[in-house]
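Reviewing the structure listed below.
The values are calculated or read from the model by the stated rules, or taken from the named source; none is laboratory data. Because the structure is a prediction, the values reported are computed rather than measured. Cβ: placed from backbone, ideal geometry, glycine included. Neighbour counts: every protein chain shown.
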Amino acid sequence: MGFERLERGEWIAVAGGILLAVALFLGWYHLQNANATLGDHTGPATLSAWQAHPILRWFLLAGAAAPLILAWIVMREHALSWPRGEMTAVTAIAALGLLLWVGLINRPGDPRSLVHLRFGWVVAAVGAALMLVGAVMRTQETETRRKPPGTI
């Protein structure tokens, strides 16, 4: 077991996963004034994802662990029935989709015009994007086994 087995794709994905995990504790939303509310919080305040999303935070934290699990699999040379990095890519796509949903499409808080995004959300989006890029790089490095025609 050694770090020398890790390729550039794994390092990028691990950096993205760590960035996503750290970003959960940075400020994501700013409540502009006393009329703005987000869950139990009222403004003016800056809230992290850990404070604002009681359920989503666990999904994002689990998604941030995916590149670390990929690195562990590569370092230990475990045999897989799918290309290495493929599940990390799926996890990164899901995390990026959730981030885009809660940041751009359906931002939490009431009224939404008084809830603004902060730097932590951007860091989380960059982390998820790095996870995806690193996982795709790793998937491309793995040779896929071809099956004969007519088999499942």
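If a residue has to be free of Cβ contacts under 8 Å to residues at least 12 places away in the same chain and crowded, with 17+ Cβ neighbours inside 10 Å to count, how many in the range 5-50 make the cut?
First pass over the range 5-50, keeping only residues free of Cβ contacts under 8 Å to residues at least 12 places away in the same chain: 34, 40-42.
From what's left, crowded, with 17+ Cβ neighbours inside 10 Å: none.
The total comes to 0.
Inspect all residues belonging to the range 82-91 and state whether any of them is in a helix (DSSP H, G or I), in contact with a helix residue (DSSP H, G or I) (Cβ under 8 Å, 6 or more places away or on another chain) and among the polar types (S, T, N, Q). Steps first, answer last, please.
Just the residues of the range 82-91 that are in a helix (DSSP H, G or I), to begin with: 86-91.
Checking which are in contact with a helix residue (DSSP H, G or I) (Cβ under 8 Å, 6 or more places away or on another chain) leaves us with 86-89, 91.
Now restrict to residues that are among the polar types (S, T, N, Q): 88, 91.
Yes: the range 82-91 contains one or more residues that are in a helix (DSSP H, G or I), in contact with a helix residue (DSSP H, G or I) (Cβ under 8 Å, 6 or more places away or on another chain) and among the polar types (S, T, N, Q).
Return a yes/no flag: does the range 117-129 have any residue that is assigned to a helix (DSSP H, G or I), touching a Lys or Arg at 6+ places or on another chain (Cβ under 6 Å) and crowded, with 16+ Cβ neighbours inside 10 Å.
Step one: list which residues in the range 117-129 are assigned to a helix (DSSP H, G or I), which gives 119-129.
Next cut, touching a Lys or Arg at 6+ places or on another chain (Cβ under 6 Å) only: none.
Checked against the condition, which is being assigned to a helix (DSSP H, G or I), touching a Lys or Arg at 6+ places or on another chain (Cβ under 6 Å) and crowded, with 16+ Cβ neighbours inside 10 Å, the range 117-129 yields no hits at all.
Identify, by number, the condition in (1) closer than 17 Å to Leu132 by Cβ; (2) touching a Lys or Arg at 6+ places or on another chain (Cβ under 8 Å) that Ile73 doesn't meet.
(1)
Select, from Leu117, Leu70, the only residue that is out of contact with any strand residue (DSSP E or B) (no Cβ under 7 Å at 6 or more places or on another chain) and not β-branched (Val, Ile, Thr). Explain how you work it out, then say what you get.
Values: Leu117 fails: out of contact with any strand residue (DSSP E or B) (no Cβ under 7 Å at 6 or more places or on another chain).
Only one candidate passes the filter, namely Leu70.
If Thr139 meets every condition in (1) at pLDDT below 90; (2) touching a Gly at 6+ places or on another chain (Cβ under 9 Å); (3) under 24 Å from Ala52 (Cβ atoms) apart from one, which number is that one?
Result: Thr139 fails condition (3) only.
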